[in-house]
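Below is one structure, written out as structure tokens, with a few remarks after it.
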Amino acid sequence: MRRMFTTGLSLIALAGLVGCQTVTPGQGRLGGGTVEFQVTEGFFGNGAAQTTATLPNGDVYTGEMITARSVTTGVEEDPFGGYGFDDFDDFDDFDGFDDDPGFVATYSTTYSPYARGVLFSGDRTMRCVVTLASPPAGFSAGGTGQCRLSSGGSFPVEF
């Protein structure tokens, strides 16, 4: 019984995480008509957002918009003395733990302010570059950019 409960709880938690995605609408102007965009970003995203653009004539382009990011890893001295016992006991090395400072890993993520992508509709392409208002927040925080069609023409886009 307990195993079924644990399995059920795990499945509910997993289903909740799968649903963690943000869908952001956007639009552009092309030839007096509106180009509708829909960008879907996952909670555990890898920097790629699934994108769909529908032109005024009904042509649909799909692809990914990618925001580059870099993760920097560093090693620093642990301010808590490695084991967390610094100044906890007055008997250095009495308990078998050396109270010398330890080290901790630090992580820092830097995002490009630009999202770039190529969307496809058959053998035609749409190339887009968007400057994001807040790159860590993705498209949901807004942004403006430009898209160019392989068949000719370019237009502004806003999220």
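The values are calculated or read from the model by the stated rules, or taken from the named source; none is laboratory data. Please read all numbers here as calculations on a predicted model, not as lab measurements. FYI the Cβ positions are ideal-geometry reconstructions off the backbone, even for glycines, and counts take in every protein chain you see. Ligands, DNA and RNA are excluded from the accessible area calculation, which covers all protein heavy atoms including side chains. Shrake-Rupley method; radii C 1.70, N 1.55, O 1.52, S 1.80 Å.
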How much accessible surface area, in Å² rounded to 10, belongs to the heavy atoms of residue 158 with a 1.4 Å probe? 110 Å²
Rolling a 1.4 angstrom probe over the protein chains, ignoring ligands and nucleic acids, what is the accessible area of residue 154 in square angstrom, nearest 10? 50 Å²
Suppose R0 equals 35 Å; then what is the FRET efficiency for residue 22 and residue 77 from their Cβ-Cβ distance, rounded to the nearest 0.05? 0.40
Length gained when the stretch residue 131-residue 69 is fully extended (0.36 nm per residue, less Cα-Cα span): 20.9 nm
Contour minus Cα-Cα span, residue 151 to residue 118, at 0.36 nm per residue, comes to 10.5 nm
